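Below: one structure, written as structure tokens.
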Amino acid sequence: MKRYAPLLTLVAVVVLGAALFTVNSLNNPANQQAGQAGAAAPAAAAPAEPPAPAVAPPAVAEKAYAGRSSGNEVTVAIAVKDGRAVAYVCNGKKIEAWLEGTLQGDKLALSGKNGASITGTASDASSFGEVAAAGKTWPFSAKGVAAPAGLYQGRADVRGVATRIGWVVEGDGRVTGSYTDAKGVTDTAPPLAPANPTGVTYNGVPVTVTSLDGADSVVAR
């Protein structure tokens, strides 16, 4: 029995040494940090969404413009307010178009039905650009105007049919207007005296006339 005593002592020493090594390893701060880092590795961060493009504040808070295409083919009235814009284009005969859009910085962009559009710039004094209507495009220029000049709309109910009329009143007092009837025919608008807009009639029916600004809606959705 005594001959096994040294062997048992050796085994006990080996077991004790292994136990002490394990305890020391667990208590080592470096090993603890490495274990924690491996156990709690953070998930990859989701890619950040790109910021929305900045919208330039309008160069003009509120203004009306009235003018003409370079060859007098059409008259143009534009009204802007708080970054929105509305416009009317007509020749007092067979062409008319209502448009809506925006003024971002000094850049105007408006569109209407049947390909009508206005692109250009606007300042407190004037607006310049291109106008498209009735399948044609022209350069235009318009001056900043004060009431009674500007953009006017008329509404009338003739024998149960709603009719809308538009007028451009320029700074020098010239008035150009058109309307499109229920059959889609465009013709010359009845006369408008901006100083007395309540006096307009269409086919004997009184017309409700309003001066429009950029906050109004003029294109049916």
(1) of a type in the set (Gly, Ala, Ser); (2) touching a strand residue (DSSP E or B) at 6+ places or on another chain (Cβ under 6 Å); (3) modelled with pLDDT under 95 all hold for residue 44 apart from (2)
Could you count how many residues in region 144-158 are among the hydrophobic types (A, V, I, L, M, F, W, C), in contact with a Pro (Cβ under 9 Å, 6 or more places away or on another chain) and outside any strand (DSSP E or B)?
-> 2
State which residue pairs qualify: first residue in contact (Cβ under 8 Å) with a residue 24 or more places away in the chain and inside region 156-178, second residue open to solvent by 60 Å² or more (accessible area, probe 1.4 Å) and outside any strand (DSSP E or B) in any location, beta carbons under 7 Å apart, and separation of 6 or more residues or different chains.
-> 158/203; 169/148; 178/93
Complete set of residues in region 128-158 that are among the basic types (Lys, Arg) and touching a strand residue (DSSP E or B) at 6+ places or on another chain (Cβ under 6 Å) = 143, 155
Matching residues in region 99-114 - criterion: being of a type in the set (A, V, I, L, M) and either buried (at least 22 other Cβ atoms within 10 Å of the Cβ) or in contact with a His (Cβ under 6 Å, 6 or more places away or on another chain) (or both) | 99, 103, 108, 110
Report the residue count in region 108-148 for those that are touching a helix residue (DSSP H, G or I) at 6+ places or on another chain (Cβ under 9 Å) and of a type outside the set (A, V, I, L, M).
-> 2
Residue within region 115-130 that is surrounded by fewer than 16 Cβ atoms within 10 Å (Cβ to Cβ), of a type in the set (D, E, K, R), under 21 Å from residue 219 (Cα atoms) and in contact with a Pro (Cβ under 9 Å, 6 or more places away or on another chain) present | yes
Tally time: how many residues in region 146-180 are open to solvent by 60 Å² or more (accessible area, probe 1.4 Å) and either within 15 Å of residue 90 (Cβ to Cβ) or polar (S, T, N, Q) (or both)?
-> 1
Only one of 49, 73, 62, 96 that is at pLDDT 75 or above, open to solvent by 100 Å² or more (accessible area, probe 1.4 Å) and within 30 Å of residue 115 (Cα to Cα) | 62
Can you name the number of the only condition in (1) more than 16 Å from residue 72 (Cβ to Cβ); (2) open to solvent by 10 Å² or more (accessible area, probe 1.4 Å); (3) in contact (Cβ under 8 Å) with a residue 40 or more places away in the chain that residue 141 fails?
-> (1)
Being within 20 Å of residue 58 (Cβ to Cβ) and at pLDDT 95 or above narrows it down to one of 132, 125, so name that one.
-> 125
Among the residues of region 159-202, how many are part of a strand (DSSP E or B), in contact with a strand residue (DSSP E or B) (Cβ under 9 Å, 6 or more places away or on another chain) and either modelled with pLDDT under 95 or of a type outside the set (A, V, I, L, M) (or both)?
-> 15
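The values are calculated or read from the model by the stated rules, or taken from the named source; none is laboratory data. Quantities reported herein were computed from a predicted structural model and do not represent experimental measurements. Methodologically, a virtual Cβ is constructed for each residue, glycine included, from the backbone with ideal geometry; neighbour enumeration extends over all protein chains shown. These area figures cover heavy atoms from the full protein model, side chains too; ligands, DNA and RNA do not enter into them. Shrake-Rupley method; radii C 1.70, N 1.55, O 1.52, S 1.80 Å.
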